[in-house]
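Working notes for the structure below.
The values are calculated or read from the model by the stated rules, or taken from the named source; none is laboratory data. Fair warning: this is a prediction, and the values are worked out from it, not measured in the lab. Please note: Cβ atoms are built from the backbone with ideal geometry, for glycine as well, and neighbour counts cover all protein chains shown. SASA here: full protein model, heavy atoms, side chains in, ligands and nucleic acids out. Shrake-Rupley method; radii C 1.70, N 1.55, O 1.52, S 1.80 Å.
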Amino acid sequence: MAVRGVIHTADEINRIRRAAAVTAEVREQIAALAKPGMTTFDLDQLAGECIRATGGKSAFLGYCGYPGNICISVNEEVVHGIGSPDRIILESDIVSIDVGVCIDGAIGDTARTLYFQEPSADIKRLLEGTHESLLAGLAQARKGNYICDISKAVETVALRHRLGVVREYVGHGCGIKLHEPPEVPNYSGWGKGAKLEPGMVLCIEPMLNLGTAKVTTDRHDGWTVRTRDGKPSAHFEHMVLITENEPEILTWPKMM
Ligand code: MF3
Ligand code: CO
Ligand code: CO
């Protein structure tokens with residue numbers, strides 16, 4: 001039986017559109033507030049305030065017991081990092097923020113990696129390569145394509161930039177629940193996956209490493225995912241609606 005994705009109703013799509021826009025706005029607010037010298041716990045608390053100010057709540061806090069308002073993953077941390085009062089953000093850090101907001105029964109989920117100083121050539125390749133791989137994936141989010149077309153597009157760009165593609169974590173359907181079918185891997189070779197139909201909402205979220213693709217999960221907090229080789233990792237995530245025509249990126253930064 002072929003994998004199917006969740007197809008949302010018109011009413012759901014209207015609410016998901018709004019939740020995604022709100023979440024993108026919060027992501028940009030947090031990005032603007034993040035500064036070297038503050039701790040990742042401070043940043044998580046500020047994020048909580050930004051989320052509450054929208055009238056919504058964190059989609060992550062309490063999810064499978066997750067303790068933070070947002071995920072904050074620094075340098076070799078890939079995803080699911082938890083804000084800590086012991087971790088001061090340094091000028092030289094790259095900081096991935098992943099934000100989820102639940103509002104009016106719908107959910108937005110979006111991420112980006114921040115930097116504070118002129119990046120080295122390797123970090124630039126990591127950040128630009130990861131973002132470019134996301135854009136390549138988004139461009140394939142069209143009616144009639146399959147999930148594998150997104151996966152292949154992301155992977156092709158990642159490999160061209162000589163980046164390690166994390167396989168243990170994948171993109172996903174999203175909208176009413178945080179994680180809905182289908183899965184959206186950032187690598188190919190596993191099959192075709194769901195056929196893309198109007199009304200599907202996907203989170204495409206490449207997690208790419210400067211070194212090896214291999215990751216490990218912190219045995220103490222049970223959440224923080226790190227590269228095995230300790231080299232930096234980047235994460236960019238957008239939500240996209242499959243339509244009759246062009247992909248509609250629901251978490252694109254708002255133009256003034
Ligand atoms: N935001 C993650 C994703 O993109 C999920 C985070 S779940 C949490 O799918 F519990 F860690 F917050
Ligand atoms: Co996310
Ligand atoms: Co996601």
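In contact (Cβ under 8 Å) with a residue 12 or more places away in the chain, closer than 17 Å to N209 by Cα, in contact with a helix residue (DSSP H, G or I) (Cβ under 6 Å, 6 or more places away or on another chain) and within 14 Å of ligand 3 (Cβ to nearest atom): which single residue out of I97, I70 fits that description?
So the residue among I97, I70 that is in contact (Cβ under 8 Å) with a residue 12 or more places away in the chain, closer than 17 Å to N209 by Cα, in contact with a helix residue (DSSP H, G or I) (Cβ under 6 Å, 6 or more places away or on another chain) and within 14 Å of ligand 3 (Cβ to nearest atom) is I97.
Pull up the stretch 48-73, narrow it to residues that are surrounded by 21 or more Cβ atoms within 10 Å (Cβ to Cβ) and among the aliphatic types (A, V, I, L, M), then point me to the one that is farthest from L114 (Cα to Cα).
A59
I need the full set of residues from the stretch 1-36 which are open to solvent by 60 Å² or more (accessible area, probe 1.4 Å) and either without any contact (Cβ under 8 Å) to a residue 40 or more places away in the chain or hydrophobic (A, V, I, L, M, F, W, C) (or both), in order please.
Of everything in the stretch 1-36, those that are open to solvent by 60 Å² or more (accessible area, probe 1.4 Å) and either without any contact (Cβ under 8 Å) to a residue 40 or more places away in the chain or hydrophobic (A, V, I, L, M, F, W, C) (or both) turn out to be M1, A2, V3, I7, A10, D11, N14, Q29, A32, L33.
So for the stretch 154-166 (the condition being out of contact with any strand residue (DSSP E or B) (no Cβ under 8 Å at 6 or more places or on another chain), free of Cβ contacts under 8 Å to residues at least 60 places away in the same chain and basic (K, R)), does at least one residue qualify?
So far as the stretch 154-166 goes, yes, one or more of its residues are out of contact with any strand residue (DSSP E or B) (no Cβ under 8 Å at 6 or more places or on another chain), free of Cβ contacts under 8 Å to residues at least 60 places away in the same chain and basic (K, R).
Conditions first: (1) within 16 Å of ligand 2 (Cβ to nearest atom); (2) touching a strand residue (DSSP E or B) at 6+ places or on another chain (Cβ under 6 Å); (3) open to solvent by 60 Å² or more (accessible area, probe 1.4 Å). H131 passes all but one, so which condition is the exception?
Against the list (1) within 16 Å of ligand 2 (Cβ to nearest atom); (2) touching a strand residue (DSSP E or B) at 6+ places or on another chain (Cβ under 6 Å); (3) open to solvent by 60 Å² or more (accessible area, probe 1.4 Å), H131 comes up short only on (2).
Quick one: V157 ticks every box in (1) among the hydrophobic types (A, V, I, L, M, F, W, C); (2) surrounded by fewer than 18 Cβ atoms within 10 Å (Cβ to Cβ); (3) in a helix (DSSP H, G or I) bar one, so which box is it?
(2)
When you scan the stretch 87-98, do you find a residue that is surrounded by fewer than 16 Cβ atoms within 10 Å (Cβ to Cβ) and touching a strand residue (DSSP E or B) at 6+ places or on another chain (Cβ under 6 Å), even just one?
Residues of the stretch 87-98 surrounded by fewer than 16 Cβ atoms within 10 Å (Cβ to Cβ): 88, 90-92.
From what is left, the residues that are touching a strand residue (DSSP E or B) at 6+ places or on another chain (Cβ under 6 Å) are 88.
Yes.
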